[in-house]
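Here's the structure, in structure tokens; my notes come after.
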């Protein structure tokens, strides 16, 4: 059952990644922007490798954190419900601001925290936390994955240097369709 569910999520992810946000000719509604992004964030857990020290125990929860306003609503919670990464059950935690950020493996930085991007990234200080956002220019400023909407499609900009500095390894399956960027100023 879990294998079938993962295959269905993978199929959904591939479908959503290439689907425009418009009604299809048959009149069915396409998924919303944040439904697509929620599936992406969920699947990043499967396409990124974390170092062993990212977890204090073998069955500690794999935490997806959201800082700032939560644009996903219940969508992300629904996507991760009952799922695991290895032995780690997936859990979504919300942080109102940078000062509340606790341990997490993925941190989605909402647009509401745009003025705090630099301090948030600095506070993580190369911890093994995958940083994800849709803030303009964020990947060039050290965020690891930036969502970019082009021609009604969601694309990824990935800063491999930032991920490596945090001890993360991003799968070539995720890198292949992405635009690879470097941190401005070389670091």
Exercise. Once you have the Cα-Cα distance between residue 184 and residue 97, take 0.36 nm times their residue separation minus that, and quote the gain in nm to one decimal.
Key: 28.8 nm
Exercise. With r as the distance between the Cβ atoms of residue 155 and residue 74 and R0 = 35 Å, compute the FRET efficiency 1/(1 + (r/R0)^6) and round to 0.05.
Key: 0.85
Exercise. Subtract the Cα-Cα distance of residue 122 and residue 53 from 0.36 nm times their separation in residues, and report this length gain in nm to one decimal.
Key: 22.9 nm
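Can you tell me, using C-alpha contacts under 8 Å and at least 6 residues apart, the relative contact order of region 69-187 as a whole percent?
Details: 159 pairs, mean separation 20.9, N = 119.
18 percent.
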Quiz item: Quick one: if the Förster radius is 35 Å, what FRET efficiency do residue 84 and residue 29 give, using the C-beta to C-beta distance and rounding to 0.05?
Solution: 0.70
Quiz item: What's the exposure ranking of 183, 169, 56, 129, going from fewest to most Cβ atoms within 10 Å?
Solution: 56, 169, 183, 129
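Readers should treat all values here as calculations from the given coordinates under stated rules, not as data from a laboratory. As the structure is a computational prediction, the values presented were derived from the model and not from experiment. Every residue, glycine as well, gets a Cβ built from its backbone with ideal geometry; the counts of neighbours run over all protein chains shown.
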